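Undergrad: Let me give you the structure first, and then I'll get to my questions.
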Amino acid sequence: MSEETSAVIILFGGSGDLAQRKLYPAMFGLYKRGILAAHFAVIGTARRPWSNAHYRDIVVAAVAGDNDHDQAVAFSEHFYYQSHDVTDAEHYITLKELAATLDAKYQAAGNRLYYMAMAPAFFATIASHLKSEALLTTDGFNRLVIEKPFGHDYASAKELNDSITATFKEAQIFRIDHYLGKEMAQAIMGLRFGNPIIKALWNKDFIQDIQITLAEAVGVEERAGYYETAGALRDMVQNHVMQLVACLTMEEPTELSAAAVHKVKAEAFAALHRYTEEEAAANFVRAQYTQATIAGSDVPGYREEPGVAADSLTDTFVAGRILTDLPDLAGVPIYVRTGKRLTRKSTQVTVTFKPGAAGMFGAQPAAHLTIYIEPTQGITLELNGKQLGATNALVPQNLDFRHDKKAAQAAPEAYERLIGDALHGDQTNFNHWVELAATWRYIDVILAAWAKDDQMPTYAAGTMGPKAAFDLLQRDGHDWFWQPTRIQMAD
């Protein structure tokens, strides 16, 4: 991804937090790399009555940091603002005229990228008006980037998808999951399929279990309004966690193309072992954080957070045991956990290989392969090696790789990668509807099981979740590999 792209980008939600924190810095990264250069313009829309000058000041402030100020100003001059009511057809006519004017000015070749960065309740309305007011061009590409949450359950996701596909074809829709833009998430395929040693061991004969942890140290913060309608299962497991599950279980694609990758991902999701509601209740744990003192400071429990109901049953932690019916990994448990107010922020995957039979060195402990996704980026392979000195005892020894911090910081951030991919029409690292439909059907069973239980287990803020999350693994004779309260290799 290096060649310049021509496009008019229409951003619904141009005044929002996501745009300012993620999208404008991502576009600026593309600008500095020459992917967005002379032939692009951005139209930001929102209800606020901003001028172009004020909007450009907002953009400059969003990308300033340690960047060159003059370059940031030059970048912002490609930005235009339209006060917009997404329910008013007249506003789309104005938007169409502005887009045509900017297309001519910047020689954008009729290319349009529509980005929905606002409340999901408006997605269907926007898509409908884009069609009814004929905003899609006939002489360039028309692509839609849509943020999560994509639905609240399978039924609402299907309704939303039906409304969007009335305007856009599946090949034009880019459902964004920013975890798929992260460096080490993208590295999983290279690790699995680019190393004959790993390929040979990646099956039920050698793998004991796979563990996925997405831990956040922060609480719900200012997102209570959204979080109360979602919870950890919908917010993290249905999308980020399940996409990692697919990357770790899918068969090798026949080629590195969007069609080939989505084919094996769809097969991986179709092969998820479907639980009954009773089985889901036994294999998935939910909990909610409570007040605690962390590093000398008191932090509130979830129910004490502003905007949270005093009797809320929203899950802030989920742990689960997932199985696949794919022949190579059938029976291998995939343990997942995610939560807020946990001990430390970290996203990592650990593959535990089966311990060897007792031999000349006695019992051979299991080996572990850990992929660090964030905030550290790298890989550790923990093997058994001879202890230093006059002994033949085996001790864990690590083959350890970490991306250089400066090099990692200079690499494109997740949103920059994904927006660049959308501009170039590459859907490889986006969600296909077939995948979303499968994951929602899986999640719906868990939600139905939890709906029958009005008890909400708890865990103290600053810990790694409730006891039940540890019992889930110990039932199989296993344990969570990453326990940040014990001494182990730095992550």
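Undergrad: May I ask you to list the GluC sites (Glu not before Pro) in the range 54-160 that are in a DSSP loop and have at most 15 other Cβ atoms within 10 Å of their Cβ?
TA: Values: sites: 77, 90, 97, 133, 147, 159; in loops: 77, 133, 147.
Those satisfying the criteria are 77.
Undergrad: To continue, here is another question. In the range 1-105, what chymotrypsin sites (Phe, Trp or Tyr not before Pro) fall in a loop by DSSP, with at most 12 other Cβ atoms inside 10 Å?
TA: Working: sites: 12, 28, 31, 40, 50, 55, 75, 79, 80, 81, 92; in loops: 50.
Sites meeting the loop and neighbour criteria: none at all.
Undergrad: Also: When you count, for each residue, the other Cβ atoms within 10 Å and take the mean per peptide, how do 294-303, 247-256 rank with the highest first? The partial results should precede the final answer.
TA: Details: 294-303: 14.0, 247-256: 16.7.
Top of the packing list down: 247-256, 294-303.
Undergrad: Among 315, 426, rank each residue by its count of other Cβ atoms within 10 Å, from fewest to most, as a rough exposure measure. Write down the numbers at each step before the final one.
TA: On the way: 315 29, 426 16.
Ascending Cβ contact count within 10 Å gives the list 426, 315.
Undergrad: Describe numerically, in nm with one decimal, the distance between label points set 7 Å from Cα along Cα→Cβ at residue 325 and at residue 384.
TA: 3.6
Undergrad: Across the range 373-388, in residue order, what do the Karplus-derived ³J(HN,Hα) couplings come to in whole Hz, using 6.51 cos²θ - 1.76 cosθ + 1.60 with θ = phi - 60° and x for Gly and Pro?
TA: 8, 6, x, 7, 10, x, 9, 10, 10, 8, 10, 9, x, 5, 5, 5
Undergrad: Please list, or write none, the lysines whose alpha carbon is within less than 25 Å of the alpha carbon of residue 96, excluding same-chain residues fewer than 8 places away.
TA: Within reach: 105, 131, 169.
Undergrad: In addition: Please arrange 176, 322 by how many other C-beta atoms lie within 10 Å of their C-beta, fewest to most.
TA: Values: 176 25, 322 22.
By the 10 Å Cβ count, ascending: 322, 176.
Undergrad: I've got another one for you. Could you name the lysines whose alpha carbon sits less than 18 Å from that of residue 406, not counting residues in the same chain fewer than 8 places away?
TA: Qualifying lysines at Cα under 18 Å: 32, 182.
Undergrad: Rounded to the nearest 500, what is the 222 nm mean residue ellipticity of the chain from helices alone, with -39500 (n - 2.57) per DSSP H run of 4+ residues and division by all residues?
TA: On the way: 16 runs with 166 residues, N = 491.
About -10000 deg cm²/dmol.
Undergrad: Amide H neighbours of residue 322 under 5 Å, counting only residues 5+ apart in sequence or on other chains, H built in-plane at 1.01 Å?
TA: Under 5 Å from the amide H of residue 322 lie the amide H atoms of 334, 335, 336, each far enough along the sequence or on another chain.
Undergrad: For the chain, what is the percent of antiparallel DSSP beta bridges, rounded to the nearest 5?
TA: Details: 45 of 78 bridges.
In the chain, DSSP labels about 60 percent of beta bridges as antiparallel.
We did not get these values from a lab; they are worked out from the coordinates using the rules stated. All figures in this text were calculated on a predicted structure; none of them were measured in a lab. Virtual Cβ from ideal backbone geometry, glycine too; neighbours counted across all protein chains shown.
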